[in-house]
Amino acid sequence: VRYEEKYRPQYHFSPDHHWTNDPNGLIYYKGEYHLFYQYNPQGNIWGHMSWGHAVSKDLLHWQHLPVAIEEYANAGGSDSTMIFSGSAVADDQNTSGFFPKDSGGIVSIYTSHVHSRGQQLRQHQSVAFSSDRGRTFTRYEHNPVLDIKLKDFRDPKVMWYAPEKKWVMTVVIPDKFKAQFYASKNLKDWTLLSTFGPLGDTAKIWECPDLLQVPDVADPSKKKWVLLISNSHPQGPKYVGMQYFVGNFDGKKFTPDNPSQYPLYLEYGKDFYAAVSFSNIPTTYGRTILLGWANNWAYGQHIPTSPWRSAMTLPRELYLANTPKGYRILQRPVRELASLRGDSIAFDPATETALDKASEIEYIFNGGSATGFGLTLHTGSNEETRIGYDKTKGEVFVDRTHSGPVFDPGFPSVERASARLKDGKLKLQIYVDHSIVEVFVNDGEQVITDQIFPTGDYVLKTWSEGGDAIADVKLWKMRSVWK
Ligand code: FRU
């Protein structure tokens, strides 16, 4: 039965069948959140990239819709164009002229990836528009709209820059570790504003940029500019991960605060990439929502799932915290998620507690002499995933080296992120969803998202080392969004 397959996440988005990678065109429009996504309509590995499509009213329950923009063969030639990653905007003022008089619609801006017999020829930026709430798209007849004659030039993220009433596109030249900003009045004619980078992490190509405003957690009416870049992982360039810069954007140029503090990383889990924000969120909501791909290019095409492969992370609200070291991003699961909490389950530390495969766990360390403490998710004989805190190192960790059969040598790993006790306490908010584990530390100061592919049932235990740990543990079963 669909959505009851082994490893199928119950409250994370995954396509019904076939391969997905990056979320694309995230937009809130006329009461619906749209999730377009890199999709292979023909198979369960990367290829024939097109934009898959789903809509939701609450960011959790998704309705699948037909493929929105599909790979196509180019007239008269042997080459074809794939629809690579990009964004979507609400063109309510009809700045593009794509819509009938006095109406507007959604315009998507994507990378047109031209290839012939497996050879990559050119990448440029193109647009398509929809007058029917994203149900169907028409590709603009004069595409591409931005071509600087490069093989690698991609992932346009467009936003409305209100002070100058213009559109601003952020796009990357991946192998040069550069982001560029372009401006347009009509989404068709683009002029270069400035180039940013290289800076921070340049161990791997730059992809999927996003320039966005993030509210200060202390006063959400105050916002600062943040530039997100998908590139390499804090634990080494073998894996992909995400870095970010905090600074100012003046309509032309992005200037990072304190350039010597970079790189800064958004996540320390291995399964978080290509995350971008939703556009057109009503300002009354006052929030910035981010969604990422819960997989890693290092092993992603080998994960043992079928008939689909890959899922999205939980949607997260982003905030900035002003710390002595500078502004740092906080990520919190969207508040809607609380609505999926089912019955709370009693947890007895003295015994083993059976855990539903779709659960939320809150673990609060309240004190004790332990040098290490946390939880273990037992999932079969000799199988466990260990989540905890190492006081000596000051690090939260997720250890999936023994989480299940090894299907790819790059998969087993330990993720570590620095974290501090606050008034002697540490809070771990853990979302377990069959094959995805997301750990939010101290209300979003650190996040670790990791996939696991265990064989057996899930049993939860607490542990401590070098002394005792006084912990409050709460468990909830999470409702499926697919039933
Ligand atoms: C990132 C990425 C993007 C590209 C897309 C292709 O994961 O490589 O740069 O547009 O995937 O599927």
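The values are calculated or read from the model by the stated rules, or taken from the named source; none is laboratory data. Values in this document were obtained by computation on a predicted structure and should not be read as measured data. Backbone-built Cβ (ideal geometry, glycine too); neighbour counts: all protein chains shown. To get the accessible areas, we keep the full protein, side chains included, count just its heavy atoms, and leave off ligands, DNA and RNA. Shrake-Rupley method; radii C 1.70, N 1.55, O 1.52, S 1.80 Å.
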Evaluate region 152-169: report whether one residue or more is open to solvent by 50 Å² or more (accessible area, probe 1.4 Å) and within 16 Å of the ligand (Cβ to nearest atom).
no
Tally up the residues in region 367-402 that are touching a residue at least 60 places away in the same chain (Cβ under 8 Å), open to solvent by 50 Å² or more (accessible area, probe 1.4 Å) and either among the small types (Gly, Ala, Ser) or touching a His at 6+ places or on another chain (Cβ under 6 Å) (or both), please.
2
Tell me which of these LYS393 doesn't satisfy, since it passes every other one: (1) over 19 Å from GLU445 (Cβ atoms); (2) of a type outside the set (Gly, Ala, Ser); (3) not in a strand (DSSP E or B).
(1)
Just a yes or no: is a residue in region 244-257 in contact with a Pro (Cβ under 8 Å, 6 or more places away or on another chain), open to solvent by less than 60 Å² (accessible area, probe 1.4 Å) and either within 16 Å of the ligand (Cβ to nearest atom) or of a type in the set (D, E, K, R) (or both)?
no
Return the pair list, or none, for Cβ contacts closer than 8 Å from residues in region 150-161 that are under 19 Å from ALA88 (Cβ atoms) to residues that are among the aliphatic types (A, V, I, L, M) and in a loop (DSSP other than H, G, I, E, B), at least 6 apart or on different chains.
VAL158/LEU187
Within the bounds of region 398-407, is there any residue that is part of a strand (DSSP E or B) and either touching a Cys at 6+ places or on another chain (Cβ under 7 Å) or of a type in the set (Lys, Arg) (or both)?
no
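Do any strands (runs of 3 or more DSSP E) lying entirely in region 5-90 carry at least 1 residues that are open to solvent by 10 Å² or more (accessible area, probe 1.4 Å), and which ones are they?
The qualifying strands (runs of 3 or more DSSP E) are 18-29, 32-39, 62-69.
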Conditions (1) charged (D, E, K, R); (2) more than 15 Å from the ligand (Cβ to nearest atom); (3) without any contact (Cβ under 8 Å) to a residue 60 or more places away in the chain -> GLU70 fails only (2)
Pairs, please: C-beta under 6 Å, at least 6 apart or cross-chain, first residue over 29 Å from VAL441 (Cα atoms) and in region 248-267, second surrounded by fewer than 16 Cβ atoms within 10 Å (Cβ to Cβ) and among the charged types (D, E, K, R)?
GLY251/GLU164
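A quick yes/no check of all residues on (1) within 15 Å of the ligand (Cβ to nearest atom); (2) without any contact (Cβ under 8 Å) to a residue 24 or more places away in the chain; (3) within 23 Å of the chain's Cα centre (by Cα):
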residue	(1), (2), (3)
VAL171	yes, no, yes
ASP175	yes, no, yes
TYR182	no, no, no
THR191	no, yes, no
PHE196	no, no, yes
LEU199	no, no, yes
GLU207	yes, no, yes
LEU211	no, no, yes
